[in-house]
1. Of all residues being under 24 Å from residue 164 (Cα atoms) and of a type in the set (D, E, K, R) in the stretch 109-136, which is surrounded by the fewest Cβ atoms within 10 Å (Cβ to Cβ)? Just the residue, please.
2. Looking at 24, 19 in this structure, which one is surrounded by 12 or more Cβ atoms within 10 Å (Cβ to Cβ), under 20 Å from the mean Cα position of the chain (by Cα) and assigned to a helix (DSSP H, G or I)?
3. When you go through 190, 221, 178 one by one, which is the residue that is loosely packed, with under 12 Cβ neighbours inside 10 Å, on the phi < 0 side of the Ramachandran plot and outside any loop (DSSP other than H, G, I, E, B)?
4. Take residue 146 and decide whether it is basic (Lys, Arg), over 18 Å from the mean Cα position of the chain (by Cα), in a helix (DSSP H, G or I) and over 21 Å from residue 15 (Cα atoms).
5. Between a residue in the stretch 36-52 that is crowded, with 19+ Cβ neighbours inside 10 Å and any residue that is among the charged types (D, E, K, R), which pairs come within a Cβ distance under 7 Å, given they are 6 or more apart or on different chains?
6. Kindly indicate whether residue 77 is hydroxyl-bearing (Ser, Thr, Tyr), surrounded by 16 or more Cβ atoms within 10 Å (Cβ to Cβ) and in a helix (DSSP H, G or I).
7. Of the residues that make up the stretch 85-102, is at least one touching a helix residue (DSSP H, G or I) at 6+ places or on another chain (Cβ under 9 Å), at pLDDT 95 or above, assigned by TED's automatic domain parsing to the domain that holds residue 162 and among the polar types (S, T, N, Q)?
8. Given the criteria surrounded by fewer than 21 Cβ atoms within 10 Å (Cβ to Cβ), charged (D, E, K, R), farther than 27 Å from residue 52 by Cα and out of contact with any Pro (no Cβ under 7 Å at 6 or more places or on another chain), does residue 157 qualify?
Amino acid sequence: MIDLYALTSPNVQKIFIMLEECELPYNTHTVDVWKGDQFTPEFTKINPLQKVPAIVDSDGPGGKPYTVIESGAILLYLADKAGKFVPKDKKQYFDMMQWLMVQMANLGPMSGQLVHFSKFAGPGQEYGHSRYRTVVNKLFDLYDQRLASRAYVAGDDYTLADIAAFPWLRNVGLLGIDLATRPHVKAWVDKIEARDAVKRAMAKVATIKSVRDNATDDAKDRYFGRGKYARA
């Protein structure tokens, strides 16, 4: 059995999708980062980075419990466990791995910064907002160009590169991105959304409750590491 520690972010959505796609049994434990659940000693022992997602596999390597943190590492771990969504051909494998890293190092972090500077930063942050909106728009263009000539991000087959990118590329409302000029991304998002496992995963994500919309200023400051929690 796998214990998934989660809330609702795109990085968490990846893991719900992967677990459903692989049909692996799991329990969900809500960690509401907007009220500080990630800072408890119990969760910090699971993930010293104090972030979700994280998993604990009761039947890990050697049949012993094993903890995995960071969404990309979790995807690779689950793919190895289930034997799915990773190409066996070496060229295709490294195509997949490169585009998994594009999501992990670029699409996710840059989108996260765009959300932060557009939704949570105070006044006077025009430079940050402009910079990250520009970078994210370029990334959406990159994926659209990529998907113009192939069925999936890494090639002809559905892989971890798709599972990783999907929650971010579908997140256009929050990001303020226009898909009208990215028809290949739009068609790909629609195709992934139609998968039964993805439907199940997103339905489960929709049931998770958080205090985000009512979070206190102190809770936000602690979450973002600002104000009295800043180390600058």
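The values are calculated or read from the model by the stated rules, or taken from the named source; none is laboratory data. What you see is a predicted model; the values in this text were computed from it and never measured. Here the Cβ is made from the backbone with ideal geometry for all residues, glycine too, and neighbour counts use every protein chain on show.
1. 119
2. Result of the check over 24, 19: 19.
3. 190 is the lone residue from the list that is loosely packed, with under 12 Cβ neighbours inside 10 Å, on the phi < 0 side of the Ramachandran plot and outside any loop (DSSP other than H, G, I, E, B).
4. Answer is yes for this residue.
5. 38/51; 43/37
6. Judged against the criteria, residue 77 is a match.
7. Taking every residue of the stretch 85-102 in turn, at least one turns out to be touching a helix residue (DSSP H, G or I) at 6+ places or on another chain (Cβ under 9 Å), at pLDDT 95 or above, assigned by TED's automatic domain parsing to the domain that holds residue 162 and among the polar types (S, T, N, Q).
8. So residue 157 fails the test.
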